[in-house]
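**Q** This is the structure I have questions about; it appears just below.
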């Protein structure tokens, strides 16, 4: 089940909401059981075959975390923590990277090991990155011996289960225990529905429009011309932004209906003035995880500049591998790592670019890196890059010829996308203005004043979005 479906909006969400607050009046334990079972149903709707895997992982991590909170002997605690982390990493590695590893072994050594064609369990990357911090915090004595139901609800809470934000136990567990949150809060409902509607519009109104353009271009990169390749790359750049930020908005909005505040995951990342600034704004909860649980334990910036740069490259390599089992994701991660090192060296040297130039360079780098992130292969990515620099010729749409080149006869071509050229440019401009100049949706959440005007605006967004649900598409980060 996905957020942008009739089943979720008109059946699942209302039923779970009403059941939760009705049961709260009878017993808070019953209400939590209801929410936990509803979350499992939500997960199992997509593919019930992996529900036992989620539950098995849940039980093992809870047991290890509980024992870590009781063991006093330092060596035993380290061994137990290591076992817990290896359990999660191996589980993720088997399902996500086994086929990739075997394929590369076969290619490198001319072997014929069996590829199992494993289907990636939904959300395994996200819930793995929730459980590891819980074990580490249990090792440090920062957890409080939570009840198994509370722990299960923390991991499986349906708004954030599938694609984040990556929630840590301290973010939500205390909120579930707060008695104030057990009653319906009409202001939270108004704000939650508003944020959810904004996210839904981002997904079905904007991201899915760009999906058609991006998919068309990446379907056969060899035929792309100069303009086609730029439209293809920018279309995916905006598709990914509005798709993932839309999901995060919908998750935050849905959780707010239950009086649970999930952490911010996006802060207008395409406004960034440096690659470091970009990663403070893009997928914030993933950046926080990598910083707290990998970068800092490796030594952070405390062990000299060379070690700092190595640590930066490691966390971005991990980020690339986490996103997908493929060399394109690894290259994407390394590109961001190299850019971050250069950015750090530049800043330490005392250099500073004008804001507009800094933004332009950052945005162009991010757009270029997304080509590797999206391309089905390295060869396909290189084809797109060649077209973007004019390798296949710089040609203009035929309808530019009579208007702008009356005294000049350049080569021109029929625009290869299914949609008209001006339609595509209009959508790109619309997305650019929203991403770069509009207020962030979390700003809207924090400053929304429920009144007739905002109600009409949100109702229009929601109505338009609902009429677009005939063609339901999964969120991009479901693949990771």
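Please treat every number below as a calculation from the coordinates, not as lab data. Being a predicted model, the structure only gives us computed values, none of them experimental. Heads up, the Cβs are rebuilt from the backbone with ideal geometry, glycines too, and the neighbour counts pull from every protein chain shown.
**Q** Starting from the Cα-Cα distance between residue 66 and residue 49, subtract it from 0.36 nm times their residue separation and give me the gain in nm to one decimal.
**A** Details: separation 17, 0.36 × 17 = 6.12 nm, distance 2.76 nm.
Working it through step by step, the gained length comes to 3.4 nm.
**Q** Say R0 is 45 Å: what FRET efficiency, to the nearest 0.05, do residue 303 and residue 448 get from their beta-carbon distance? Walk me through the intermediate numbers first.
**A** Working: r = 45 Å, r/R0 = 1.01.
For R0 = 45 Å, the calculated efficiency reads 0.50.
**Q** Measure out, as a whole number of angstrom, how far apart the alpha-carbon centroids of the stretch 146-178 and the stretch 252-294 sit.
**A** 17 Å
**Q** Could you calculate the contour length gain from residue 348 to residue 437, that is, 0.36 nm times the residue separation minus the distance between their Cα atoms, to one decimal place in nm? Kindly include the intermediate steps, with their values, before the conclusion.
**A** Numbers: separation 89, 0.36 × 89 = 32.04 nm, distance 2.93 nm.
29.1 nm is the gain from fully extending residue 348 to residue 437.
**Q** OK, next. Taking R0 as 60 Å, what's the FRET efficiency between residue 115 and residue 460 from their Cβ-Cβ distance, rounded to 0.05? Can you show the working numbers first?
**A** Details: r = 49 Å, r/R0 = 0.82.
Efficiency at R0 = 60 Å is approximately 0.75.
**Q** While we're on this one: In the set [x] 39, 30, 22; [y] 44, 30, 20; [z] 30, 26, 23, which value of semi-axes √(5λ) of the Cα gyration tensor in Å was calculated from the structure you see?
**A** Checking each listed value against the structure points to [x].
**Q** Restricting to Cα pairs below 8 Å that are 6+ residues apart, what does the relative contact order work out to for the stretch 6-185? Please round to a whole percent. Kindly include the intermediate steps, with their values, before the conclusion.
**A** Values: 149 pairs, mean separation 52.3, N = 180.
That works out to 29 percent.
**Q** Applying 1/(1 + (r/R0)^6) with R0 = 22 Å to the Cβ-Cβ distance of residue 389 and residue 212, what FRET efficiency is obtained, to the nearest 0.05? The partial results should precede the final answer.
**A** Working: r = 25 Å, r/R0 = 1.13.
It comes to 0.30.
**Q** What spacing in nm lies between the two simple spin-label points modelled at residue 469 and residue 338, each 7 Å away from Cα in the Cβ direction?
**A** Each label point is offset 7 Å from its Cα along the Cβ direction, giving 4.5 nm.
**Q** What distance in nm lies between label points placed 7 Å from Cα along the C-beta direction at residue 181 and residue 83?
**A** 3.2 nm
**Q** To continue, here is another question. For 250, 173, which order do you get if you count the other beta carbons within 10 Å of each Cβ and list the fewest first?
**A** Working: 250 27, 173 19.
The fewest-first ordering by Cβ neighbours comes to 173, 250.
**Q** Next question. Ranking 140, 73, 323 by Cβ neighbours within 10 Å, fewest first, what do you get? Show your work: numbers first, answer last.
**A** Values: 140 12, 73 9, 323 20.
The order, fewest Cβ neighbours first, is 73, 140, 323.
**Q** As a footprinting exposure proxy, order 127, 477 by other Cβ within 10 Å, with the fewest listed first. Working shown, then result.
**A** Working: 127 26, 477 19.
Ordered from fewest to most neighbouring Cβ atoms within 10 Å, 127, 477 come out as 477, 127.
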